[in-house]
Amino acid sequence: PELTLNLVTYVICIVLGLFWNLITLFVMIKGDRKNRSVTNIFLISLAVADLLLVSIAAPMELVHYFAPQFGSGGSGCKVAEYSRVISAIASILNLLAVTFERFIVIVFPMKSRFLCTMKNSRRGLGVVWGLSLLLTLPVLYTKSVYNVHYANNSTIVKITYCNDYDDSLGLAFSIYQLVVAFIVPGVIILVCYVIVIVELQKSTKRMKVLTNQSALPKIKRINGNSSPRKLKGSSTRSIQSKKLEDVGAQRKQVIKMLICVVCIFFLCWGPRFTMEIVIKSKTMNLFYPTVYWIRVVIFLLPFIHAGINPIIYIIMSKTFRSSIIKLLKENCSFSKACRPLKNNEEGELQELDGINPLFQSKCSVHKINHDDHDESNFNLKDKKTISSL
């Protein structure tokens, strides 16, 4: 029963993680170019890191419950651990890059015009993944395989397990990944978002002052009449203040979404890093049923996290939701637009096979335009005939 429950939960996490992150990549890559931003570039990279986790590390960890042995060379052992660690480090570095981008945009808005560009964001992606590859290299030197022989009176079975090359080395690496992928980035992100929130509060107060001033303009009177130029200027200021309020609201919503993503990361990965230190230090008996199930749940959290981020985007990002709806409509209309049509008794185009006429836009519009063109040619010929008479 325990293995069946593990199988079901892991499969659900893998399927949902693959589905939602592929949806995220599809929406952010195929969406409107005008909605693309530096933040979206790093969120795409974050989705790639999550896909790496659920497509490689999660299946290999699941198989380990049922067939714990690895190849004698230990390559499968190292690949599984490397993909898990690089996913964690790449995820936190992408979140760190997004934090820096939001920090520069809000705290130093003038500098952000030449710092936070698409070209620099691509360079940032190279730095993120380059650092991820380098910071994950130590895991290749800490993991290895060892053989255990099980025998009875007639047979001997050799099983190859994946474990640390040395207990002290494994503990040192667990502390290393906690510091590199959790504590140091967490402190930097916390400080940056505190400064960003303070700056947003200040800008909100400034916006309220500007809005109040534009709402009560001083109107000069000439011969008892209001100056039209002054009224026009006050109207322009009110429109500008409304636009600034919208920009401020959008920035706040983005910050809320990113803070939520960061908090979910720490809640899911923090227990995993801590549990690995507990296991390597051997301070707890892991064979008690309660401890075993706590360990199973904690080890599942990173894979759950891989499928949560896209759901957060859907809930908290209006742009992301509208992009999904638009792409769904476009793909549905593309697949259904060119079905055959027929004329009903009134001469109007009618769908075949019960297809919604709204999805006939491409073919029906083309047909209507073609008919209009023929009609215009007919009218032109008719006019020429009349003029000749």
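Below is a table of values for the structure above.
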{"read-out": "Out of ILE324, ILE308, ILE315, ILE355, sole residue that is buried (at least 17 other Cβ atoms within 10 Å of the Cβ), outside any strand (DSSP E or B), of a type in the set (A, V, I, L, M, F, W, C) and modelled with pLDDT under 85", "value": "ILE324"}
{"read-out": "From TYR165, TYR141, TYR176, TYR161, residue being aromatic (Phe, Trp, Tyr), touching a residue at least 12 places away in the same chain (Cβ under 8 Å) and loosely packed, with under 13 Cβ neighbours inside 10 Å", "value": "TYR141"}
{"read-out": "Residue in segment 39-62 that is within 26 Å of LYS78 (Cα to Cα), at pLDDT below 85 and touching a strand residue (DSSP E or B) at 6+ places or on another chain (Cβ under 8 Å) present", "value": "no"}
{"read-out": "Filtered residues of segment 106-138 (kept if touching a Leu at 6+ places or on another chain (Cβ under 9 Å), surrounded by 14 or more Cβ atoms within 10 Å (Cβ to Cβ) and closer than 18 Å to VAL198 by Cβ)", "value": "ILE106"}
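The values are calculated or read from the model by the stated rules, or taken from the named source; none is laboratory data. Since the structure is predicted, the reported quantities are computational estimates derived from the model, not experimental observations. Every residue, glycine as well, gets a Cβ built from its backbone with ideal geometry; the counts of neighbours run over all protein chains shown.
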